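Report on the following structure.
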Amino acid sequence: MTHPAAFGIDAGSTTCKVVAVDAAGNLVGSRLEATRPRLEEQAAALLAGLAADLGLASTPPATATGYGRQLVREAARKVTEITCHARGAFRALGHGGTLVDIGGQDAKAIRIDATGRTVDFAMNDKCAAGTGRLLEHTAARLGVAVADLGNRALAAGNEEPISSTCTVFAESEIISLIGRGADLDAIIRGLHRSLVGRIVAMARTVGLTPPLILSGGVALNPGVRAMMQEATGMTVILPPHPQLMGAYGAALLALD
Ligand code: ADP
């Protein structure tokens, strides 16, 4: 393995990720865990843990991103997630497009040109119904693992439309659908449709330039991927390790 030269940390609302890159910008190590209330200590432990994994005596230069980035003492630079996801995805894929990052509590659309420059971006951090939180709430309510939701949505024979525009009301709607004996997978499919509708509407505000690139934890959901493709008619592309893209971009910036 080539020597780790820089770290990036993405202190997200749902998960914390750290990534190591070598001097050429290749990803050479990572750690990911659920975000805990004491982010400052968690970030320090994660950085030290990754350094130990890689046999380093100390943490190399680090850049922080994510909603908790200001709490990361070890990082000399703090950079927005827009910049980091764009940088990470452009480097990982080698081309631009419209990048959609869907995390646990926010979602962003970023239009990246052929040189890697961010041309425009939009963000939703006000409404949970357009984020991974909607899926997490439903998974908990239905007793289904978040990682299984997408395949269940795709396997559903039919679809229950979810009309509520808010996570709390969507949950009430789901409870009444269950009470009426609706098929669970059909409810899950309807919920994915509702999330995708919101995300695509946001992405359209920055312009849909092919291909459609997905990053963030929700990119791991095959139901969201398939429905995004269906809703836009565009090919959906994933960088390797989509959930690590913010931290990867941060690590690349720490190399600069
Ligand atoms: P943030 O950076 O905002 O803290 P992430 O980018 O890690 O959040 O995304 C978290 C979301 O990713 C969760 O709300 C969940 O919906 C989704 N997710 C995480 N792991 C998986 C998985 N294995 N399969 C499908 N979805 C996942």
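The values are calculated or read from the model by the stated rules, or taken from the named source; none is laboratory data. Everything quoted here is computed from the prediction, not taken from an experiment. All Cβ positions, even for glycine, are placed from backbone atoms using ideal geometry, and neighbour counts span all protein chains on display. To get the accessible areas, we keep the full protein, side chains included, count just its heavy atoms, and leave off ligands, DNA and RNA. Shrake-Rupley method; radii C 1.70, N 1.55, O 1.52, S 1.80 Å.
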Looking at segment 1-60, what strands (runs of 3 or more DSSP E) fall wholly within it and have at least 1 residues that are among the charged types (D, E, K, R) and within 16 Å of Cys84 (Cβ to Cβ)? 4-11, 15-22
Being open to solvent by 50 Å² or more (accessible area, probe 1.4 Å), touching a residue at least 60 places away in the same chain (Cβ under 8 Å) and outside any strand (DSSP E or B), is that true of even one residue in segment 104-117? yes
Number of positions in segment 46-74 that are more than 16 Å from the ligand (Cβ to nearest atom), open to solvent by less than 50 Å² (accessible area, probe 1.4 Å), of a type in the set (Gly, Ala, Ser) and more than 14 Å from Tyr248 (Cα to Cα): 2
Check every one of the helices (runs of 4 or more DSSP H) wholly within segment 126-239 and list those with 3 or more residues that are farther than 25 Å from His85 by Cβ and open to solvent by less than 70 Å² (accessible area, probe 1.4 Å). 167-179, 184-206
Which of the numbered conditions does Gln243 fail, given that it passes all the others? Conditions: (1) part of a loop (DSSP other than H, G, I, E, B); (2) open to solvent by 30 Å² or more (accessible area, probe 1.4 Å). (1)
Arg77 passes all but one of the listed conditions (1) within 10 Å of the ligand (Cβ to nearest atom); (2) open to solvent by 30 Å² or more (accessible area, probe 1.4 Å); the exception is number (1)
For segment 82-103, which residues satisfy the criterion of being open to solvent by less than 30 Å² (accessible area, probe 1.4 Å) and under 15 Å from the mean Cα position of the chain (by Cα)? Ile82, Cys84, His85, Ala86, Gly88, Ala89, Thr98, Leu99, Val100, Asp101, Ile102, Gly103
With the condition kept exactly as written, say whether any residue in segment 2-22 is open to solvent by 70 Å² or more (accessible area, probe 1.4 Å) and among the β-branched types (Val, Ile, Thr). yes
For segment 120-145, name all the residues that are among the β-branched types (Val, Ile, Thr) and touching a residue at least 60 places away in the same chain (Cβ under 8 Å). Thr131
Segment 88-103, residues that are touching a residue at least 12 places away in the same chain (Cβ under 8 Å) and part of a loop (DSSP other than H, G, I, E, B): His95, Gly96, Gly103
Can you name the residue in segment 139-165 that is over 17 Å from the mean Cα position of the chain (by Cα) and under 18 Å from Ser13 (Cβ atoms) and, of all such residues, is nearest to the ligand (Cβ to nearest atom)? Ala139
